[in-house]
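One structure is given below, encoded as structure tokens.
Quick note: the coordinates plus some simple rules give every number you see, no bench work behind them. Quick caveat: nothing in here was measured; it's all calculated off a predicted structure. All Cβ positions, glycine included, derive from the backbone under ideal geometry; neighbour counts span all protein chains shown.
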Amino acid sequence: MIIKNPEFKISAVSPKQYPNDGLPQIVLVGKSNVGKSSFINTMVNRKKLARTSSEPGKTRQINFYSMDNKFYFVDLPGYGYSKMSKEEQVRVGRFIEEYLSKCQNIALIIFLIDIRHSPTENDRLMYNYVINANKPCIIIANKADKIAVTKVDAQVKALQDELNPLKDFTFLPFSAERRIYSEKVWEEIEKFI
Ligand code: GTP
Ligand code: MG
């Protein structure tokens, strides 16, 4: 899919600011620094549409990006930033959960994990949340450029065995650095919009 006009819509700090125009919302979740904002930029072939952070954990708003007025990419703050106090981490967790529970137009959750590492404790909590909430979700193993191309498929499979042994979720590799995997991810997204 080619998005002609991706544009920033709003930075929301509370549910009444979420767009409620009925358009599908495709939301990025994942730990801090996993590449949620970079994912959006790579998918729409822009360098700076979504702000990426050299300082993880700084994003405290929910940023909505309109894709040709057909759907939104929703960039959530990351969880599990270790330099954040426990209280702050709980607050961010509630903020994420508030969006996931109150937004009526979630068409798909794109759950990003790091291809190089086993899912974190927080990743498991998120996974359980998604299962219990019964929301459509695909899991994307990002930063695939950091491992050998020949190891990518086996690593994605190993992560799925670990996180989703029933194998009922779609798992795909991705690299926000290299666009080679974006076509397959678009194919998956198109099923939900
Ligand atoms: P928070 O907003 O803090 O939760 O982080 P985020 O998940 O939005 O991560 P962000 O997109 O800001 O990326 C964090 C860092 O990882 C940046 O330095 C990116 O350039 C880098 N990064 C993201 N995706 C990739 C990738 O696929 N490969 C490589 N090598 N680096 C990546
Ligand atoms: Mg971000």
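Annotations for the structure displayed:
- Cα centroid separation - segment 39-98 against segment 117-135, whole Å: 17 Å
- In this structure, the residue pairs whose Cα-Cα separation is over 24 Å, taken from LYS9/LYS86; LYS4/LYS167; LYS36/LYS146, are LYS9/LYS86; LYS4/LYS167.
- GNM result for the chain, Cα springs below 10 Å: residue of LYS102, LYS143, LYS157 fluctuating most strongly: LYS102
- The amide H of TYR79, built 1.01 Å from its N in the peptide plane, has GLY30, LYS31, SER32 as neighbours under 5 Å, considering only residues 5 or more places off or on other chains.
- Converting the Cα gyration tensor eigenvalues of segment 112-162 into ellipsoid dimensions via √(5λ) gives semi-axes, longest first, of 22, 10, 9 Å.
- Convex hull volume of the Cα atoms of segment 6-190, normalised per residue: 111 Å³.
- Each of LYS191 and ASP21 was given a label point 7 Å from its Cα along the Cα-to-Cβ line. The distance between the two points is 2.8 nm.
- Amide H contacts under 5 Å for THR170, placed H, 5+ residues apart: ILE139
- Length, then width, then depth: along the principal axes, the Cα atoms of segment 1-46 run 29, 28, 15 Å.
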